[in-house]
1. Within the range 148-156, does at least one residue satisfy the condition of being under 18 Å from the mean Cα position of the chain (by Cα) and either within 24 Å of Val54 (Cβ to Cβ) or modelled with pLDDT under 95 (or both)?
2. Please work out if Ile76 is of a type in the set (Val, Ile, Thr) and closer than 20 Å to Pro186 by Cβ.
3. Going by the structure shown, is Phe129 open to solvent by 40 Å² or more (accessible area, probe 1.4 Å) and without any contact (Cβ under 8 Å) to a residue 60 or more places away in the chain?
4. Scan the range 160-174 for residues that are closer than 17 Å to Pro185 by Cβ and buried (at least 21 other Cβ atoms within 10 Å of the Cβ) and jot them down.
5. In the set Leu31, Leu21, which member is aliphatic (A, V, I, L, M), out of contact with any helix residue (DSSP H, G or I) (no Cβ under 7 Å at 6 or more places or on another chain) and within 11 Å of the ligand (Cβ to nearest atom)?
6. Among the residues of the range 168-217, what is the count of those that are more than 18 Å from Ile13 (Cα to Cα) and in a loop (DSSP other than H, G, I, E, B)?
7. If you check Leu117 against the conditions, is it open to solvent by less than 20 Å² (accessible area, probe 1.4 Å) and over 17 Å from Val181 (Cβ atoms)?
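The values are calculated or read from the model by the stated rules, or taken from the named source; none is laboratory data. No experiment lies behind these values; they were computed from the predicted model shown. For neighbour counting, all protein chains shown are included, and Cβ atoms are generated from backbone atoms with ideal geometry for every residue, glycine included. Note: areas computed on protein heavy atoms with side chains; ligands, DNA, RNA excluded. Shrake-Rupley method; radii C 1.70, N 1.55, O 1.52, S 1.80 Å.
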Amino acid sequence: MKFFADTAEIDDIRKLAESGLLDGVTTNPSLVKKSGKDFLDVVREVASIVPGPVSAEVVAQDYDGMMREAEVLRKIAKNVAVKVPLTPDGLRTCKALSGDGTMVNVTLCFSANQALLAAKAGAAFISPFLGRLDDIGQPGIELIADIRIIYDNYDFPTEILAASIRHPIHVLEAAKLGADVMTAPPSVIWQLFKHPLTDSGLAAFTKDWESTGQRIA
Ligand code: G3P
């Protein structure tokens with residue numbers, strides 16, 4: 001499973017990149033607003049830190065506008081994936097860009113039929129939003145299961161990018177169902193490292209080692 005960071009905070013991205021476990025980054029207009037930074041500067045900087053896909057979202061809602069914005073975004077770096085919404089104009093844009101060799105991440109997916117459409121439009125990634133479905137009382141994880149079945153039935157190469165991940169259980173469930181990628185806030189990715197038995201075990205090993213008076217290096 002690939003790990004993407006869902007953030008526009010440069011410091012957080014640098015720190016995660018140092019872990020060696022970061023495969024890409026996703027941003028959206030709300031995350032850019034939260035960062036308080038210039039959008040194009042953020043995309044430029046992130047794309048230079050992380051070699052993997054960096055999703056940058058268009059804000060126009062019509063085909064011509066999306067194509068104009070995509071032109072700017074995809075010129076920033078080869079690893080920029082243009083993010084478009086799951087609308088008829090968004091998927092038309094997806095089809096045109098994908099046919100041109102540009103990676104497209106189709107976002108705001110809330111149903112398996114929407115994911116089917118995105119795959120047919122040649123999306124590199126489909127982003128089903130788990131947390132936002134949970135928020136309205138619909139188990140988001142079931143959407144991942146349905147999309148996995150559909151994509152496998154037809155050998156669609158579109159990668160399932162589990163998004164709107166809120167906690168480690170979302171990551172676990174998405175991984176068990178075979179999501180290709182998950183994107184999560186940095187805090188959730190760091191949470192994955194944690195286990196109280198790791199902490200207490202390490203403390204015990206350290207104490208015993210120190211009492212031997214030995215050194216390795
Ligand atoms: O990047 C899209 C998605 O991950 C948003 O998550 O928590 O705002 O629903 P959230």
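1. No, there is no match, as no residue in the range 148-156 is under 18 Å from the mean Cα position of the chain (by Cα) and either within 24 Å of Val54 (Cβ to Cβ) or modelled with pLDDT under 95 (or both).
2. On the way: of a type in the set (Val, Ile, Thr): yes; closer than 20 Å to Pro186 by Cβ: no.
No; evaluated as a whole, the condition is false for this residue.
3. No: the conditions fail for Phe129.
4. Scanning the range 160-174 gives Leu161, Ala162, Ala163, Ser164, Ile165, His170, Val171, Ala174.
5. On the way: Leu21 fails: within 11 Å of the ligand (Cβ to nearest atom).
Testing whether each residue is aliphatic (A, V, I, L, M), out of contact with any helix residue (DSSP H, G or I) (no Cβ under 7 Å at 6 or more places or on another chain) and within 11 Å of the ligand (Cβ to nearest atom) leaves just Leu31.
6. 11
7. no
Here is a yes/no grid of residues against (1) open to solvent by less than 40 Å² (accessible area, probe 1.4 Å); (2) farther than 21 Å from Phe110 by Cβ; (3) within 16 Å of the ligand (Cβ to nearest atom):
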position: Leu177; (1), (2), (3): no, no, no
position: Ser187; (1), (2), (3): no, yes, yes
position: Gln191; (1), (2), (3): no, yes, yes
position: Lys194; (1), (2), (3): no, yes, no
position: Ser200; (1), (2), (3): no, yes, no
position: Asp208; (1), (2), (3): no, yes, no
